[in-house]
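Below: one structure, written as structure tokens.
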Amino acid sequence: MLMLSLIEGLGFDPFFRGFLSVMVGVVVMIGGTYLLVATNSGARTGGMIAGSALFGWMFLMGIVWTIYGIGWRGQAPTWELVEISGDNPTTADDGLVFAENEKAQRLGLGLESVDVADGVTSDDPDKAQGEALAFARENEEDLLGWRYLMSSDPTRGEAQSAAEEHLISEHVFDSTSEYIPLQFGAYNTGGKPLLDPDIAADDPDKSAWVEIFTDAPARALHKLDTMTLHIIHPEELLVIQVQGTVEQPVLPGQAPPVARADDEKSVLNVIMRRDRGGPVPWLMGGLRFTPLMFTVASGVIFALFLWSLQIREKREALIRAGR
């Protein structure tokens, strides 16, 4: 009964189940391959052939991991806090103008002359974001190198989550219910060149022929350009603007009211820098650095096995020739 209880406990423990699955796979796959090859070529040569096959497969797998950033991944990119400006000034523009970061100051100067909300005429949130993006593109020179991020942009969503953590950890707010991100308050600059949003967006009205003959070549050329002509990753900054909410009473038995920004409260600008991680973030992020090292190590061991097999084959050839 004690043994049955132990087996039942192992069956529900993810660690032991995974460990046993891996061990069985290693014994069956690698051990079975070794036994099969060793019966024809001998124990030592069979072991070298099985080892070269194993590390050759690991080398190819590491290449796929490195390209797609999957498998044994390293440190994922994060948004580290640079500063939070706008505590004392009454407007977001003044807050950025007096920021310590020089690039953020340039955005503040740009927003003094260009407000993306001025180009919005629609009440529909999705259409309003598209109009704001179009207006920002028309006035990109006035934004002094900064780009407007739509609310549907995945970079903005990730950065807003990081901004929430920084606002709480820096004790600017006690909870996320005390503020809301501004609808048109996300900008970034730096980093590698981005793909044209018209091509990157998934438009259901776009025909398959347009995707095949227009979008696909453009995506391929953009990927080739970023990998060859833009190898180095420049510094990437992002600004998320938030504002305190109006205190609204919650009636018993009813859902909390929709949060609204309090115009009398100052706009806070959360300035963040992209931390790619790894020992050489300017060249490769930590996410792909770990699988790259795995690939290099597997490739070196694979090459050593092949070199040893080549030497062994030459010696056997000399022996057969009677030399």
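Here, each number is a calculation from the coordinates, and none is a lab measurement. None of these values were measured; they are calculated from a predicted model. Neighbour counts are summed over all protein chains in view; Cβ atoms, including those assigned to glycine, are modelled from backbone coordinates with ideal geometry.
Structure notes:
- Placed amide H near GLU236: partners under 5 Å, 5+ positions off or other chain: GLY191, ARG274
- Estimated FRET transfer efficiency (GLU316, VAL296; beta-carbon r; R0 45 Å; 0.05): 0.90
- Under the simplified labelling scheme, the ASP275-ASP118 pair shows an inter-label distance of 3.8 nm, with each label point 7 Å from Cα along Cα→Cβ.
- Helices in the chain that qualify as membrane-span-like (whole DSSP H runs, Cα extent of at least 15 Å along the helix axis, mean Kyte-Doolittle hydropathy of 0.0 or higher) are 2-12, 14-25, 43-68, 286-320.
- Eligible lysines near LYS265 by straight Cα distance, threshold 29 Å, same-chain separation 8 or greater: LYS103, LYS127
- For segment 223-323, GluC sites (Glu not before Pro) are listed when DSSP marks them as loop and at most 14 other Cβ atoms sit within 10 Å of their Cβ; the list is GLU235, GLU247, GLU264.
- At R0 = 56 Å, FRET efficiency that the Cβ-Cβ distance of ALA303 and ASP174 yields, to 0.05: 0.45
- Largest first and in whole Å, the equivalent-ellipsoid semi-axes of the chain read 54, 28, 20, each the square root of five times a Cα gyration tensor eigenvalue.
- The mean sequence distance of close C-alpha pairs (under 8 Å, at least 6 residues apart), as a share of the length of the chain, puts its relative contact order at 28 percent.
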